[in-house]
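Enquirer: This is the structure I want to talk about, given as structure tokens.
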Amino acid sequence: MSDVQRVQVVDSHTGGEPTRVVVGGGPDLGGGSAADRLRVLRREHDGFRTAVVGEPRGSDVLVGALLIPPADTSCAAGAIFFNNVGYLGMCGHGTIGLMATLAHLGRIGLGEHKIETPVGVVTARQQEDGAVSVRNVSCYRYEAAVCVPVDGYGTVCGDVAWGGNWFFLAHVPDQELSLRRVGELTELTWRIRRSLTEHEITGRDGEGIDHIELYGPSPTPGVHSRNFVLCPGGAYDRSPCGTGTSAKLACLYADGKLKEGDVWRQEGITGSVFEGSLQRAGEDLIPTITGRAFVTAESALLLDPADPLRWGIRQNRINSP
Ligand code: PYC
């Protein structure tokens, strides 16, 4: 038992989307910023990612957050987010889950706390009613009305936008966005993603677009829109996706459909809702996303050297589903 590595985790869900925060037992990533430590994690300890979120301990849906000491000492914590196939720049639902975890552990109180992520510092406010508002990194629409041919479907047009991750956002009117259609929606969004890659459509500096967001009207009174978001590893986001909602706000703003301070209520495919709004800060457009997470488990993962699946089942999802 002495060689068994113990990794302390706290699990939560934000609008149905799970987050597993590693609060102890992670690898030593040296010093530096969250971006520096992410490079070390990716290069030298990628098996830790798959051990924490991959099967048999995790699943394709799970997003991990490795808690790290922040280089920026004005921050309450630093975090590196990861999933079944790699690493995320930022994660909105994950930051809300991280805040719920830190509050659960008694490490933060009500009010504002800064969190260092690999793509910048975000500020999150823990509210009395348990909700968390995340002031995200700045968002922008990069390209509008980009059209791609999609296998077996036809042409799909949408916008490329940044909300902490890269998104392609499209309204495809003949696609009903409902939970019973997740199989078809996953297939369609995967084909869109493949076509973007084939046609070399990227975000700024050639960065890959790894999240596809379909949006349409919501049947829920008081809600502005419903979405379906395909995550990089083929799972769909059970929440409305914090970075995806940020990218959506950027597009609405660019189209003159949302003004600074307006509240946008975004529903995800499972029915959970995030509220979003925008503020200008000089040249930047800063989205704030509000949602609520609930802690679901506190446990220790055991990594036994004798276990052939100690590092999880490693997958390559580039060409699937
Ligand atoms: O909430 O930003 C988000 C997110 C990204 C991937 C899954 N959730």
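Enquirer: Rank by packing, highest mean first: peptides 28-35, 235-242, with packing defined as the count of other Cβ atoms within 10 Å averaged across residues.
Expert: Most protected by this proxy first, the peptides run 235-242, 28-35.
Enquirer: With +1 on the Cβ of every Lys and Arg and -1 on the Cβ of every Asp and Glu, and nothing else charged, how large is the dipole of the chain about its Cα centre, in debye rounded to the nearest 20?
Expert: Using only the charged Cβ atoms, the result is roughly 260 debye.
Enquirer: Viscosity 1.567 mPa s, temperature 4 °C: give me the Stokes-Einstein translational D for region 160-221 in µm²/s, with Rh taken as the Kirkwood radius over C-alpha pairs.
Expert: For these conditions, the coefficient is 103 µm²/s.
Enquirer: For region 166-321, just the Cα atoms, rotate onto the principal axes and tell me the three extents in Å, largest first.
Expert: Extents along the principal axes: 58, 41, 38 Å.
Enquirer: Which of Cys139, Thr288, Thr197 sits farthest toward the positive end of the charge dipole of the chain, with +1 on the Cβ of Lys and Arg and -1 on the Cβ of Asp and Glu?
Expert: Working it through, the farthest residue towards the positive pole turns out to be Thr288.
Enquirer: Residue farthest toward the positive end of the dipole of the chain, with Cβ of Lys/Arg at +1 and Asp/Glu at -1: which of Ile108, His93, Leu62?
Expert: Ile108
Enquirer: What percentages make up the Cα-Cα pair-distance distribution of the chain when the bins are 10 Å wide from 0?
Expert: The percentages, shortest bin first, are 6, 28, 36, 23, 7, 1, 0.
Enquirer: Further question on the same structure: Once you have all Cα-Cα distances for region 50-101, histogram them in 5 Å bins from zero and send the whole-percent values.
Expert: 5, 20, 28, 24, 14, 6, 3, 0
Enquirer: Ranking Lys259, Lys114, Lys248 by Cβ neighbours within 10 Å, fewest first, what do you get? Show your work: numbers first, answer last.
Expert: Details: Lys259 10, Lys114 17, Lys248 30.
So the ranking, lowest neighbour count to highest, is Lys259, Lys114, Lys248.
Enquirer: Using a Förster distance of 25 Å, how high is the FRET efficiency between Glu198 and Arg43, based on the Cβ-Cβ distance and rounded to 0.05?
Expert: 0.30
Enquirer: Using the per-residue mean of other Cβ atoms lying within 10 Å as a proxy for protection, in what order, highest first, do the peptides 205-215, 156-166 fall?
Expert: Values: 205-215: 19.0, 156-166: 24.5.
Ranking, from highest mean packing down: 156-166, 205-215.
Enquirer: Okay, next question. Report the extension gain between Arg280 and Arg6 in nm, rounded to one decimal, defined as 0.36 nm multiplied by the number of residues separating them, less their alpha carbon distance.
Expert: Length gained between Arg280 and Arg6: 94.2 nm.
Enquirer: Continuing with the same structure: Lone cysteines in the chain, going by a 4.7 Å Cβ-Cβ cut-off?
Expert: So far as the 4.7 Å Cβ criterion goes, Cys75, Cys91, Cys139, Cys231, Cys241, Cys251 stand without a partner in the chain.
Enquirer: Tell me, what is the FRET efficiency for Ala254 and Thr220 to the nearest 0.05, using R0 = 41 angstrom and their Cβ-Cβ distance as r?
Expert: Calculated transfer efficiency: 0.95.
Enquirer: Mind checking the full-extension length gain between Arg181 and Ala144? Use 0.36 nm per residue of separation minus the Cα-Cα distance, one decimal, nm.
Expert: Values: separation 37, 0.36 × 37 = 13.32 nm, distance 2.70 nm.
Gain in length upon complete extension: 10.6 nm.
Enquirer: Of all beta bridges DSSP finds with both residues in region 1-95, what is the antiparallel percent, to the nearest 5?
Expert: Here the share of antiparallel DSSP bridges comes out near 80 percent.
Enquirer: Could you order the peptides 85-95, 51-61 from most to least packed, using the average number of other C-beta atoms within 10 Å per residue? Walk me through the numbers on the way to the answer.
Expert: Values: 85-95: 25.5, 51-61: 19.4.
Final packing ranking: 85-95, 51-61.
Enquirer: Continuing with the same structure: With θ set to phi - 60°, apply the Karplus curve 6.51 cos²θ - 1.76 cosθ + 1.60 along region 12-23 and write out the HN-Hα couplings as whole Hz, x wherever there is a Gly or Pro.
Expert: So the J values, rounded to whole Hz, are 8, 9, 10, x, x, 8, x, 10, 10, 8, 7, 9.
Enquirer: Projecting each Cα onto the charge dipole of region 105-211 (Lys/Arg +1, Asp/Glu -1 at the beta carbon, about the Cα centre), which of Gly154, Leu188, Ala124 comes out farthest on the positive side?
Expert: Result: Ala124.
Enquirer: So for region 1-136, averaging the separation of alpha carbon pairs under 8 Å that are six or more residues apart and normalising by length, what relative contact order in percent results?
Expert: Working: 259 pairs, mean separation 29.3, N = 136.
It comes to 22 percent, rounded to a whole number.
Enquirer: First check a/c for region 1-101, with a ≥ b ≥ c the square roots of the eigenvalues of its C-alpha gyration tensor; if it is under 1.5, answer rounded, and if not, answer prolate when a/b is larger than b/c or oblate otherwise.
Expert: Rounded, since a/c falls under 1.5.
Enquirer: Just how large is the dipole of region 238-321 about the Cα centre, in debye to the nearest 20, putting +1 at every Lys and Arg Cβ and -1 at every Asp and Glu Cβ?
Expert: On the way: 10 positive and 10 negative charges, 48 e Å.
That gives region 238-321 a dipole magnitude of about 220 debye.
Read-outs throughout are calculated quantities, based only on the coordinates presented, and are distinct from any laboratory measurement. Predicted model only: the values in this text are computed from it and were never measured. Neighbour counts are summed over all protein chains in view; Cβ atoms, including those assigned to glycine, are modelled from backbone coordinates with ideal geometry.
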